[in-house]
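Okay, so here's the structure we're looking at.
The values are calculated or read from the model by the stated rules, or taken from the named source; none is laboratory data. Worth saying up front: this structure is predicted, and the values here are computed from it rather than measured. No Cβ is skipped: glycine too gets one built from the backbone with ideal geometry, and neighbour counts run over all protein chains shown.
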Amino acid sequence: MLKRLVSLLLALALGAGMMAAFAEEGKTIRMLVGTQSFDMNTNYVGVLLEEITGYKVQYDYYADDNQLAMEIASGTDYDLISVSPNMYQTLLAQGALKNLNAAIEAYPAVRDAIYPLGWTYCTAADGGIYGVPNVDDAVYVGGIGYRTDIFEAHGYQEPATVQEFYDLLVAIKKDTGLIPLTGRNAVEAVIASGFGLSYDFVVDPESDRIVSWLRDPGMKEYLAWMNKVYTEGLIDVDWPVNANDKINEKISSNQAVMTFAAHWHTLNWVNALVESGHKEAYFKTIVPLEDAQGKRHIAVSNGISRVFVVPVTASDEDAVYTMGMIASRLEPENYWTFNDGIEGTHYTKGEDGIPVPILPQFNDDMNQGSQYQIGRNQYEHPITWMARVHKTQVQWDTFYDANSKAAAFGFEGRPLTFARFPEYTEYYAALGTLCSDYFMQVIAGTETLDSYDDFVKEWESAGGLALEEAATAWYHENPELVNAARESTSPYNAIFGYDIK
């Protein structure tokens, strides 16, 4: 591997020399990251990065946030740590993080490369920036995948409304004897959209407050509908207890026709079905249904996925040096190289400029490239990421079909994407679990909607009311964060050449 790597790097020598000038020979940056399934120190991309940037990084690992908290409390000597957004907020409140303003001023290209909203999230009340954010692009992850061969054989059409979806479920059960829809989500987003639902907390336009979807009449209507189709055997009888492996088995073995599908799901399904004799098996996507007003609520995945922080114990000099390493990874040519590899060896570019991976070389060398991202280059990331989506034609077709359909209706971003207040950290996850458990009980019929109002009171007393109040106050103090998250324009629109309506 190393011989091949050295030869490939000759083509990058000029750019590498310019960046390596900032690195000091013999100096190592110690970085702490969450547990990985591979060794970041010996991986092809790790070696490649050291060669092209000149910065040597030693990666160590922590198992969970408890171990991380103990490491930091002991006065850690790590130079850089990768943390979750929630852990970032916790460490910031504890005063455990170093103000990075001076380091960023030394490398202003770091600030320029990353989405401004990420910096807003990482800026504290004192004006200090305490982390480097990985900002996820607004992308439609997936909807309800369906077997195109079965749809074509029976003349089924993609439904647009809740009634059309119900009629489709009835027809599939009658015509095929298969499970029309399998899954495990308490709130299936494609269906919930037909009842006006998108996210668990939304901005109420009348009161201009952040409120739970429990306040929306559409939630009770959605739960009643899901209970109806469950009772009628139109969705998987195992819905309340399904696990992902069971869902995959049912789809792959021709027991079920539809389920939630993202681009990383469908290849294994298609391969298994084709191998078992279903030669024409393929998948396309049903996107969120129209509500009573004809609107589709296209919820997208975006936000802050990781934050990279420098412990308060680090010296100013070391913080600046670490920021230089981060700057080297955000430099456009380097960003392409460690994400997609060497053009002609790991990928080619089509006429549209979209990189297409060369297999198996891309998978052999570059499969873990994204794990080395520290901050995402807002200009280069959307296009370089296309190589990862395009590893197989099945994967690409699933991604393109879902996103090109969804983009026609506009994306609806999550108001609390960039939430950063104590009540969110304290209550959000537990309240989500409380809701999911209750919703699933209603769907399965072990609980009835007669108890809905009592459940809302229980939810309020468990922190729901406090969270709504705090979220509303945070929203009014940070309208730019909430409104920008709600707009959620996807960078992939320009790549694919379609416009948001």
Check: Before we move on, is residue 202 touching a helix residue (DSSP H, G or I) at 6+ places or on another chain (Cβ under 8 Å), in contact (Cβ under 8 Å) with a residue 24 or more places away in the chain and not polar (S, T, N, Q)?
Finding: yes
Notebook entry, point to check: Restricting attention to region 79-113, and to residues there that are among the β-branched types (Val, Ile, Thr) and in a helix (DSSP H, G or I), which single residue is farthest from residue 323 (Cα to Cα)?
Noted result: 90
Next item on the list: Report the residue count in region 382-418 for those that are crowded, with 22+ Cβ neighbours inside 10 Å and basic (Lys, Arg).
Entry: 1
Next item on the list: Go through region 240-265 and give me each residue that's within 24 Å of the chain's Cα centre (by Cα) and assigned to a loop (DSSP other than H, G, I, E, B).
Entry: 242, 243, 263, 264, 265
Margin query: Given the criterion surrounded by fewer than 17 Cβ atoms within 10 Å (Cβ to Cβ) and among the aromatic types (Phe, Trp, Tyr), identify the matching residue among 61, 88, 140, 107.
Written below: 61
Next item on the list: Identify all residues within region 164-189 that are within 12 Å of residue 146 (Cβ to Cβ) and not hydroxyl-bearing (Ser, Thr, Tyr); write none if there are none.
Entry: 165, 168, 169, 172, 178, 180, 181
Next item on the list: Would you kindly identify the helices (runs of 4 or more DSSP H) lying entirely within region 416-479 that contain at least 1 residues that are under 23 Å from the mean Cα position of the chain (by Cα)?
Entry: 422-444, 465-477
Notebook entry, point to check: Of the residues that sit in region 432-461 and are in contact with a Phe, Trp or Tyr (Cβ under 9 Å, 6 or more places away or on another chain) and without any contact (Cβ under 8 Å) to a residue 12 or more places away in the chain, which one is nearest to residue 231 (Cα to Cα)?
Noted result: 447
Next item on the list: Using the structure shown, decide if residue 354 is surrounded by 21 or more Cβ atoms within 10 Å (Cβ to Cβ) and more than 30 Å from residue 213 (Cβ to Cβ).
Entry: no
Margin query: Is it the case, given these coordinates, that residue 142 is over 30 Å from residue 420 (Cβ atoms) and out of contact with any Cys (no Cβ under 6 Å at 6 or more places or on another chain)?
Written below: no
Notebook entry, point to check: Which of the residues that make up region 23-46 are outside any strand (DSSP E or B) and either buried (at least 16 other Cβ atoms within 10 Å of the Cβ) or of a type in the set (Lys, Arg) (or both)?
Noted result: 23, 27, 40, 43, 44, 45, 46
Note to self: Quick check on region 451-471. Is at least one of its residues of a type in the set (S, T, N, Q), more than 16 Å from residue 213 (Cβ to Cβ) and surrounded by 12 or more Cβ atoms within 10 Å (Cβ to Cβ)?
What the structure shows: yes
Next item on the list: Would you tally the residues in region 165-199 being part of a helix (DSSP H, G or I) and either closer than 18 Å to residue 242 by Cβ or touching a residue at least 24 places away in the same chain (Cβ under 8 Å) (or both)?
Entry: 12
Notebook entry, point to check: Considering 469, 477, which residue is under 12 Å from residue 421 (Cβ atoms) and at pLDDT below 95?
Noted result: 477
Margin query: Tell me yes or no: at least one residue of region 114-124 is of a type outside the set (Asp, Glu), farther than 30 Å from residue 298 by Cα, free of Cβ contacts under 8 Å to residues at least 40 places away in the same chain and outside any loop (DSSP other than H, G, I, E, B).
Written below: no
Notebook entry, point to check: Does region 151-166 hold any residues that are loosely packed, with under 14 Cβ neighbours inside 10 Å and either within 27 Å of residue 292 (Cα to Cα) or of a type in the set (Ser, Thr, Tyr) (or both), and which are they?
Noted result: 155, 157, 163
Check: How many residues are outside any loop (DSSP other than H, G, I, E, B) and either closer than 28 Å to residue 116 by Cα or not aromatic (Phe, Trp, Tyr) (or both) if we restrict to region 338-394?
Finding: 28
Checklist line | Residues of region 48-58 satisfying the condition of being in a helix (DSSP H, G or I) and either surrounded by fewer than 16 Cβ atoms within 10 Å (Cβ to Cβ) or not aliphatic (A, V, I, L, M) (or both) | finding: 50, 51, 53
Next item on the list: Taking the options 337, 345, name whichever one is over 22 Å from residue 97 (Cα atoms) and buried (at least 23 other Cβ atoms within 10 Å of the Cβ).
Entry: 337
Notebook entry, point to check: Do we find a residue being modelled with pLDDT of 95 or more, closer than 16 Å to residue 311 by Cβ, out of contact with any Phe, Trp or Tyr (no Cβ under 6 Å at 6 or more places or on another chain) and not aliphatic (A, V, I, L, M) anywhere in region 36-58?
Noted result: yes
Check: If we scan region 295-317, do we find a residue that is within 29 Å of residue 133 (Cα to Cα), part of a helix (DSSP H, G or I) and modelled with pLDDT of 95 or more?
Finding: yes
